Amino acid sequence: MGYRRRASPLHAARAAAGSALCGALVLTALLFDDPLVLGAVIAAALAAGALAGVWPQLRRALLFALPFTLAIALLNPLVTEQGVTVIWRFGELPLLGDRDITLEAVVYGLLLGLRALAVIVSFALFSATVDPDQLLRLFRRVSFRSALTATLATRMVPVLQRDGQRIADAQRCRPGPPPSRLTLVRAVTAGALDRAVEVAAALEVRGYGAARRPPRGAAAPWSRHDLAFTGAAAAVVALALGARLAGVASFEVYPRIVASWDAATLLLCAALVVVPLLPFLDRRGIE
Amino acid sequence: MTVLAFEHFSYTYPGGGGPALDDVTVTIEDGEFVLLAGRSGEGKSTLLRAGSGLVPHFHGGEVTGELTVAGLDVRSHGPGQLAAVVGTLFQDPETQVVMGTVRSELAFPLENRGESPAAVARGVEEAALALGVAHLLERPTHELSGGELQRVALGAALAGRPRLVLLDEPTSQLDPVAGDELIGLLRRLNEEWGTTIVLAEHRLERCLAAADRVLALAGGRLACDAPPAGFLTWAAESAPALETPGARLLRRAGLAPAPIGVKQARATLRAAGALPSPPPPGADPAPAAEERQFPPTRGATPAPDSPPSHRRLRLRSDNSAALRTKSLWSELPDGRAILRAVDLRLQPGERVALMGRNGAGKSTLLRHAAGLAQPTRGTVTAAGRVALLLQNPNDYLVHEHVRDEAPAAALEAAGLAAHADRHPRDLSGGERQRLALAIVLGDEQPPAVLCLDEPTRGMDRAHKADLAALLSRFASAGSALLVATHDPEFAAAFADRVVLLGDGRPIADGPVAEVLAGGWYFATETARILGGAGGALDPETGAALVRERLASAPPLAASPAAATPAPPAAPIPTEARR
């Protein structure tokens, strides 16, 4: 998964605006336990991805995240003893001892999984729509080397993936039994270190060793897409914080499930889906 | 004005047994195009790394003597500071491109120098236009082809217009077309921008004509410092492995001077009466005098000991193919076709070179042959095991000792028995290649088909000759060879058939003399000099034809100069330049 510029309003927006929108979605997912709100965040991120033309990347992220979500949902009831509504008595289990499964623990596990899913999908949207080089420029004034190191680390991931694939192919070409996993891990690590040294040499000769802080130039004017997505991000944050402070969409799991699914909650969810998508209505100047 | 000055400069890598550079004294002036020649491991890369400041600042080690780059002492100025005056391009473009998009990559060195946004934008535009990559500016770097990546990496090296550009075998991963384009581009930058170029290359015939001067290294010492013609004279006497095919052709034919390019070689042959003068415009093209002199191989009766062509073999044993692909299609998940209905048949013992531009489908075809990829449509059948040696031999090396990597018999066959106790990564490039070959061969019966993907990348001429001889032994044992290569000289040395792929399908398939003698990019230098006449691909065959012509026929349009061969250009002694 990687960034590729596409003809979409979100790609046309500056990295700060795109990051703000994705950050607002992540913040909302972390603020609420309500499954409707979490579902709204996921729906907003997926719809934004579809409108930005990166649905295949988000679909891959979904497929990658779903097993984790299910694992969290299944594990939580096994490791927590909270909740009062027992739905299954396991009795004595090896290592886990006497174990009762409660409805509340199951629901809380599902909520944790849903939140993880919302965060993963939001980051997938960020990864597919925010230009990492622009992001580097955004942070370079704060800490150029840290920002560059982070960017390079993310760039090395696909390079090392390709290296790993090549090594796997090479090992498939060996006749006889394949080498042990430990041997392969050692070879892959050695290869990664070789790669890192080569990239470091390339950085040196590009002047990285003498990197100087760039002079402050005239800031680029804000485009309509920059303004629209920054505004949408601010609105999502305001909605989420306001609703949280007002107690809208409160959802208690332990000791007993208490949900306040009222009109305000539904309105909040609808707003969380619609507001991030409004900037996509303006498709002028997106090439 | 001197841009690079070595003064009794010696360098030893940390833990290295001997000096990689030994008492090198040479100066390079502004605006020169210098070619750095030498066999593998003789110090070319180290010299370039010293010029960029990586030696000693990045690699460590011991340095004696002086080295200044644009007046900056390398001892006190690291690569980051030297980057303002030196651009550097290494062999592997993938590890040199560090940013996400082409625009950011070109901007990166300028931003590192603290240039203003306006200066960065201008530098990016100028570099992109100069290198013809303006259309790629918004493209993600991970989507670029090898040739495009190399251009972008060169653009990053040139952004900010350094006085000196150091290039370490930049064409080794490029097809002949992209390689020639890159050399042409360097020449243009040298002429129009006045940029000093120092280029290390193994395929000297590709770039000798562009160079003003050649430095040859041997054992870390400067062995020759001469103009191209003088270098060829020196190479003929002292380092035949560095002689270009064109120079060898004329020397073996008894003609002088040694040519620095195809144009000069043809002029010399024409003057000697061994080639006809070009026909005047509008002249009747047939019958060509050249064809009368050198009847083409096509249709000729083969010599009794010549390797059987695939057509004859096909007639002889149609059902005994070692490898057969039938309507083989390979498509990416997005529907893009890499191979399109490829029909290919290899007979046991047949030696096939697979050629074509980067991205033509060569590697994909080899992967299908070895069963690493599944066809979208069509079939691949083999008479037995298919061994595949992929591009990077390092990918095969996973153990601590050579003896653990491959059985003793395979090591013996690859000529590596003496290295059994060494660490695989301590071997030279050519030895690693042979070790990887031993690994894929194993101790089983010889494979029905042996596939190799670009086995000569970064190899010098002597190592290529060794590899060609090794491959011939496998073919003699009955294995069919299918070798993807960009190197026409290597293809001519080992193959008896060439399949040229274009856009995923074979666009030419025939005996090596027919395919490689008839093209321009996919042709050996000998074939280009002789215009494909006689199907001669290597200097020895070409020289025999020329000698035969000179001995038996009256000169055609011979000029007075032909009667008196020009004296060879003398190399400028290294000491004199010091």
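The values are calculated or read from the model by the stated rules, or taken from the named source; none is laboratory data. As the structure is a prediction and not an experimental result, all values here were calculated from the model. No Cβ is skipped: glycine too gets one built from the backbone with ideal geometry, and neighbour counts run over all protein chains shown.
Some notes on this structure:
- Condition broken by A:Thr189, with the remaining ones in (1) under 24 Å from the mean Cα position of the chain (by Cα); (2) under 30 Å from B:His423 (Cα atoms); (3) among the β-branched types (Val, Ile, Thr) satisfied: (1)
- Residue match in the stretch B:127-149 (condition: out of contact with any Phe, Trp or Tyr (no Cβ under 6 Å at 6 or more places or on another chain) and on the phi > 0 side of the Ramachandran plot): yes
- Each residue in the stretch B:78-106 was checked for being more than 9 Å from chain A (Cβ to nearest Cβ) and surrounded by fewer than 24 Cβ atoms within 10 Å (Cβ to Cβ), and 2 of them qualify.
- Residue selected from the stretch B:370-382 under the condition in a loop (DSSP other than H, G, I, E, B) and either among the small types (Gly, Ala, Ser) or within 7 Å of another protein chain (Cβ to nearest Cβ) (or both), by the criterion surrounded by the fewest Cβ atoms within 10 Å (Cβ to Cβ): B:Gly371
- Within the stretch A:166-188, the set of residues being more than 7 Å from every other protein chain (Cβ to nearest Cβ) and in a loop (DSSP other than H, G, I, E, B) comprises A:Pro177, A:Pro178, A:Ser180.
- Residues in the stretch A:235-260 that are closer than 16 Å to A:Val273 by Cβ and part of a loop (DSSP other than H, G, I, E, B): A:Val248, A:Ala249.
- From the list B:Arg357, B:Arg385, B:Arg367, B:Arg351, the lone residue that is within 25 Å of the chain's Cα centre (by Cα) and within 14 Å of another protein chain (Cβ to nearest Cβ) is B:Arg367.
- Picking from residues in the stretch B:63-76 that are touching a residue at least 40 places away in the same chain (Cβ under 8 Å) and in contact with a Gly (Cβ under 9 Å, 6 or more places away or on another chain), the one that is farthest from B:Tyr13 (Cα to Cα) is B:Val69.
One line per residue, one yes/no per condition, for (1) under 32 Å from the mean Cα position of the chain (by Cα); (2) surrounded by fewer than 16 Cβ atoms within 10 Å (Cβ to Cβ); (3) of a type in the set (Lys, Arg); (4) farther than 28 Å from A:Ala40 by Cα:
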{"position": "A:Ala61", "(1), (2), (3), (4)": "yes, no, no, no"}
{"position": "A:Phe68", "(1), (2), (3), (4)": "yes, yes, no, no"}
{"position": "A:Ile72", "(1), (2), (3), (4)": "yes, no, no, no"}
{"position": "A:Pro77", "(1), (2), (3), (4)": "yes, no, no, no"}
{"position": "A:Glu92", "(1), (2), (3), (4)": "no, yes, no, yes"}
{"position": "A:Ala105", "(1), (2), (3), (4)": "yes, no, no, no"}
{"position": "A:Gly109", "(1), (2), (3), (4)": "yes, no, no, no"}
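- Every residue from the stretch B:396-408 that is of a type outside the set (A, V, I, L, M, F, W, C), within 14 Å of another protein chain (Cβ to nearest Cβ) and in contact (Cβ under 8 Å) with a residue 12 or more places away in the chain: B:Tyr396, B:His399, B:Glu400, B:His401, B:Glu405, B:Pro407
- Just one of the listed residues (A:Val258, A:Val253, A:Val199) is away from chain B (no Cβ under 11 Å) and in contact (Cβ under 8 Å) with a residue 24 or more places away in the chain, and it is A:Val253.
- Considering residues of the stretch B:383-408 that are of a type in the set (A, V, I, L, M, F, W, C) and assigned to a loop (DSSP other than H, G, I, E, B) only, the residue surrounded by the most Cβ atoms within 10 Å (Cβ to Cβ): B:Ala406
- Test: residue in the stretch B:54-70 that is modelled with pLDDT of 90 or more, in a helix (DSSP H, G or I) and more than 8 Å from chain A (Cβ to nearest Cβ): yes
- Scope the stretch B:525-562; condition assigned to a loop (DSSP other than H, G, I, E, B) and at pLDDT 85 or above; matching residues: B:Leu530, B:Gly531, B:Ala536, B:Leu537, B:Asp538
- Residue match in the stretch B:37-53 (condition: free of Cβ contacts under 8 Å to residues at least 40 places away in the same chain and either more than 23 Å from B:Arg113 (Cβ to Cβ) or not in a helix (DSSP H, G or I) (or both)): yes
- None of A:Ser143, A:Ser127 is within 12 Å of the chain's Cα centre (by Cα) and closer than 30 Å to B:Arg139 by Cα except A:Ser127.
- Strands (runs of 3 or more DSSP E) contained in the stretch B:409-524 and holding at least 1 residues more than 14 Å from every other protein chain (Cβ to nearest Cβ), of a type in the set (A, V, I, L, M) and surrounded by 22 or more Cβ atoms within 10 Å (Cβ to Cβ): B:480-484, B:497-502
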